[in-house]
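Okay, structure first, notes after.
Where a number appears in this text, it was derived from the coordinates with a stated rule and is not lab data. Since this is a predicted model, take the numbers as computed values, not measurements. Cβ placement follows ideal geometry from the backbone for every residue including glycine, while neighbour counts extend to all protein chains displayed.
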Amino acid sequence: MTEPNLPIASIKGVTKSFGATIALQDVDFDCYPGEVHAVLGENGAGKSTLMKTISGVLAPTSGTVFAQGKPVTFKGPADAMAVGFVCMYQELSLVPDLTVRENLLLGAPGSGLGRLKGGALPKARELLDQIDGEHIRFGSKVSDLTLAECQQVEVVKALIRNPKLLILDESTSALNSSVVDKVFDLVRAQRDLGVAILFISHRFHEIEALADRISVFRNGQRVETFRNGDQDYSTIINMMVGQRIDELFPPKVIPKAGAEPVLELRDFAWPPKVKPTSFTIKEGQIIGLGGLDGQGQSTLLQGIFGLLKGTQGTILINGSDAPKSGPLAAKQSDVGLAYIPEDRKADGLIQAQSINENLELAALGRSDLNATDHNIYKPSLDRLELKHGGLDLPVSSLSGGNQQKVVLAKWLALAPKVLLLADPTRGIDVKTKTQIYALLRELAEQGTAILLLSTDYEELIHLCDETHIFYDGGIVRSLRGEDLSAQNIIGASLNIPDVADHKGIADA
Amino acid sequence: MRDFVTAYRRELIAAAVLAALLVFYLITHPRGASTYVLTIWANQCAILGLVAIAQFFAVVVRGIDLSVGAIMALTNVVGSHLLSGTGIDLAFGVIVVVATGAACGLLNGLLVVYGRIQPIVVTLSSASIFVGLALILRPTPGGRVNYDIADAMTLDLFGIPTALVLIAIIIFAFWLPFRRTGLGLGIYAVGSSQQAAFQSGMPVATIRLAAFTLAGVFAGLAGLFYTFVTTTGDAGIAPNFTLNSIAAVVLGGVLLRGGTGTLIGALIGAFILKTIASLMFFSGIPSLAQPLFEGLILAVAIAVGAADVLRSKHRLEVFGR
């Protein structure tokens, strides 16, 4: 394929930061007419930020977006659509209370706030039928559709806007493979008409089937762009991983011989999101849970802590059955579960209450503890060196890292037997991270079973004794020892068979 | 047809309830079914109906307007000063009254959209401002209104109460065409999912602004019609109408979480509420006990509305199933 000289969309020197976090750093990127350009990268590599910058949802902190060679400033998605940049979003852009027909008309070209024009509807019906959507009626409310049906509508909604650049941000994740094939046929037809396609997917075989060029992103930077087929899997994965040196982690300890299991899961499940899952954590062990976002691992932690109704299977703690009736039962001393939630701002702390009041919340309801006795929190607070301007101040006055210390301290006061942590170091400074790592290792040595969900594979490699990788609701691989490498974690997260000895295409 | 019934089941239920109540009312009324009785009934209902429409526009974009009664009081007072003339003067008066309502709504909208303050806070404070203005303009009830236009608007046309004709004009000449515009669709999109509306390229700020302005316009129309019915200006009518407007939209199937419901539903809710109040007037309940019963009915109506919110998909993520 020859590349015409003028890219439909390009960005030059674009940086996007959210506060102190830099999501995109000095990125140059081009997308030409008639090509499918795939973007690869792990969670947080900056893919979605890139798409949102090009589609006008986010404005770049610095740098310029060009549409057909001309610099443009988008005030919102409407401006991007006006130059033909149309995005199918990962988080759907359908309005739940409106019907399919109304959603297709919403913001359709030429309508604005005036009289709605239904001219595109026959074409929409035709497109919907082509991707197995014959059963989706225009009169149905979107909130009554399944996620897959929503994605089919989303595809059609984008196509009837006559895009010059079509952005697919994981927009086929809920579709089954035969529908995906049909969507891809439509996408290829668009490409052949000269439309540029930007494509994010976590399914390697989809990228292999569809992409002309591939760009790999890591830590907000574009690492490399190459033609599909020029690089093999292991090279691509190495680009995604990069080289990072870390002295953050405490040394691993050799497990004691004859260590007793503390937590044991037997066919624990919450259909359909979590498939039957079994594993054991022995005394002294830190076990990691990895995988892409939303593959069931965070739901599993909530399930173990009793936050979900209708979980199945057995949880054994020191050999006896744990109740699944909720947090109050789970935190009693005979069960001894503690859960550090993913969203500490919303789920872990009550922002308007003082640090002292927040600390007391976990111990309340435990008859064997006096929650108002602050000596029970002091050891962990000292251990973690909580920096505060007074324990009577609202917890919202603390930085993110210090807030997480409060969450940890309030649960550690209960001396839990099993500590469940959902990504406890996300968005936290390096020093606090190191403190938390050391604390976790120390707790493990004292006999606490630690189950650590992490989106940072460095933690999974260097802190955990064994890591289970989730894909589509279940464990696809369990890695330990030599096998516990970044390559293997990413490979398993994408559900590619063992990277070292396969070059075949994985089935999702 | 199936989609229609599913989509408008709340309105259909409310309409059935209204029909039953109306029949019951006409049977109980000492003077029986007559144009006179129907006209009185329709006038009372139409006043609340217009305020309920105002409330509907605020609620549908996931807001609430606690100033609709106050706007009504202000426009009523303005009307009592400007609607006594004839011809051009009268037309000018009508325009100023409605424009006053629109300006009040626009002010609310600007504070909500650009001031980024919650609608409940904005309208709670603006309500005091509007009532304060009304009190300055007319400290005690009074004023004079051109009786010709007042009669024309509040009696009947060939046996049909004029109020019902006006309501029909609002539905057919305004609401149904409006629903087929981008703005008409946009208010639902913004109320249902602001992010989705934004990502679809809708001008979210403009739409919310327009919705609050429309709320002001209809509160102004309510004030205008109230002036024709009572032929006086009274700054003290605000609280009652604000509360009843919220009850009316809930009764009419408009969910307070925004994004659903129709103008017609809000109208039906208002008509139900007023009919119940009128029924009570004839039912022999001691007049001192009437607020108690009205309150009970409102509480039940709001509880029913809230139950519907629970049935919707807004459940806690955790503790799912």
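Just the ratio, please: alpha-carbon radius of gyration of the range A:9-241 over 2.2 N^0.38 Å, N its number of residues.
Values: Rg = 17.4 Å, N = 233, 2.2 N^0.38 = 17.5 Å.
In units of the globular-protein estimate, the range A:9-241 measures up at 1.00.
What share of Cα pairs, in percent, lie more than 30 angstrom apart in the range A:261-501? Intermediate values should be presented prior to the final figure.
On the way: 6619 of 28920 pairs.
For the range A:261-501, the share of Cα pairs beyond 30 Å comes to 23 percent.
Which of the listed residues, A:TYR89, A:GLN297, B:VAL17, is farthest toward the dipole's positive end in the protein assembly as shown, when Lys, Arg count +1 and Asp, Glu count -1 at the beta-carbon?
B:VAL17
So what is the relative contact order for chain A, in percent, with contacts set as C-alpha pairs under 8 Å and at least six apart?
This gives 15 percent for chain A.
Have a look at B:LEU214, B:LEU74, B:LEU157 and report the one farthest towards the positive end of the charge dipole of the range B:2-311, computed about the Cα centre with Cβ charges (Lys/Arg +1, Asp/Glu -1).
B:LEU214
Using unit Cβ charges (K, R positive; D, E negative) and no other charged atoms, how large, in debye to the nearest 20, is the dipole of chain B about its Cα centre?
960 debye
Using alpha-carbon pairs under 8 Å, 6+ residues apart, how would you state the relative contact order of chain B in percent?
34 percent.
For chain A, with only Lys/Arg (+1) and Asp/Glu (-1) charged at the beta-carbon, what is the dipole magnitude about the Cα centre, in debye rounded to 20?
1240 debye
If the convex hull of the alpha-carbon atoms of the protein assembly as shown is projected onto planes in all directions, what is the mean projected area in square nanometres?
Reported value for the Cα convex hull: 41.4 nm².
Report ³J(HN,Hα) in whole Hz for each residue of the range A:46-58, in order, from the Karplus equation J = 6.51 cos²θ - 1.76 cosθ + 1.60 where θ = phi - 60°; Gly and Pro get x.
Using θ = phi - 60°, the values come out as x, 4, 5, 4, 4, 4, 5, 5, 6, 8, x, 6, 10 Hz.
For peptide A:73-81, how many partner chain Cβ atoms fall within 10 Å of a residue's Cβ, on average?
That works out to 3 on average.
With N set to the number of residues, divide the alpha-carbon radius of gyration of the range B:1-127 by 2.2 N^0.38 Å and report two decimals.
1.37
Taking every pair of alpha-carbon atoms in the range A:353-473, what share in percent sits in each 10 Å bin, from 0 to the bin with the longest distance?
That works out to 12, 43, 33, 11, 1, in percent per bin.
For A:THR64, which sequence-distant residues (separation of 5 or more, or a different chain) have an amide H within less than 5 Å of its own amide H, given hydrogens modelled in the peptide plane?
For A:THR64, the qualifying residues are A:LYS12, A:VAL14.
For chain B, set up a GNM with springs between Cα atoms under 10 Å and report which of B:ALA215, B:ALA163, B:ALA205 has the largest fluctuation.
Ranking B:ALA215, B:ALA163, B:ALA205 by mean-square fluctuation puts B:ALA205 first.
Does anyone have the angle between helix A:121-130 and the longest principal axis of chain A? Alpha-carbon axes, 0 to 90°, nearest 10?
60 degrees
Take A:LYS70, A:LYS331, A:LYS47 and order them by how many other Cβ atoms sit within 10 Å, fewest up front.
Going from least to most buried by this count: A:LYS70, A:LYS331, A:LYS47.
Given the C-alpha centroids of the range A:199-224 and the range A:361-382, what is the distance between them in whole angstrom?
49 Å
Could you go through the range B:273-281 in sequence order and give the Karplus-derived ³J(HN,Hα) for each residue, using 6.51 cos²θ - 1.76 cosθ + 1.60 with θ = phi - 60°, rounded to whole Hz, and x for Gly and Pro?
4, 5, 5, 4, 4, 5, 4, 5, 4
Given the options B:GLY191, B:GLY253, B:GLY85, state which has the largest fluctuation in a GNM of chain B using a 10 Å cut-off (strictly under) for Cα springs.
B:GLY85
Would you compute, from DSSP H runs of 4+ residues alone, the mean residue ellipticity of the protein assembly as shown at 222 nm, taking -39500 (n - 2.57) per run and dividing by the full residue count, rounded to the nearest 500?
-14500 deg cm²/dmol
Sorting A:GLU482, A:GLU342, A:GLU206 on the 10 Å Cβ count, fewest up front, what's the list?
Values: A:GLU482 7, A:GLU342 18, A:GLU206 21.
By the 10 Å Cβ count, ascending, the order reads A:GLU482, A:GLU342, A:GLU206.
For the protein assembly as shown, build the charge dipole from Cβ charges (+1 Lys, Arg; -1 Asp, Glu) around the Cα centre, then report which of A:VAL183, A:VAL241, B:LEU50 sits farthest towards its positive end.
Going by the charge dipole, the pick is B:LEU50.
So what's the gap between the Cα centers of the range B:1-68 and the range B:171-239, to the nearest angstrom?
18 Å
For a quick check: with amide H placed at 1.01 Å from N, whose amide H comes under 5 Å from A:SER17's, ignoring anything fewer than 5 positions away on the same chain?
A:ALA23, A:THR61
Per-residue counts of other Cβ atoms within 10 Å, averaged by peptide: what ranking do you get for A:405-418, A:445-458, highest first?
A:405-418, A:445-458
Once chain B is represented by equal point scatterers at the alpha-carbon sites, with solvent omitted, what log10 I(q)/I(0) does the Debye formula produce at q = 0.08, 0.10, 0.11 Å⁻¹?
Each listed q maps to, in turn, -0.36, -0.57, -0.69.
Give a residue-ordered list of calculated ³J(HN,Hα) values for the range A:331-344 (Karplus: 6.51 cos²θ - 1.76 cosθ + 1.60, θ = phi - 60°; whole Hz; x for Gly, Pro).
8, 5, 5, 6, 9, x, 9, 9, 10, 9, x, 5, 9, 5
Relative contact order for the range A:280-412: what percent, with Cα pairs under 8 Å and sequence separation of 6 or more?
Relative contact order of the range A:280-412: 20 percent.
Would you mind checking which residues have amide H under 5 Å from A:ARG477's amide H? H placed 1.01 Å from N; only 5 or more apart, or other chain.
The answer is A:ILE469.
Among the listed pairs A:LYS47/A:LYS433; A:LYS117/A:LYS141; A:LYS273/A:LYS324; A:LYS52/A:LYS405, give every one whose C-alpha distance is greater than 28 Å.
Check vs 28 Å cut-off fails for A:LYS52/A:LYS405.
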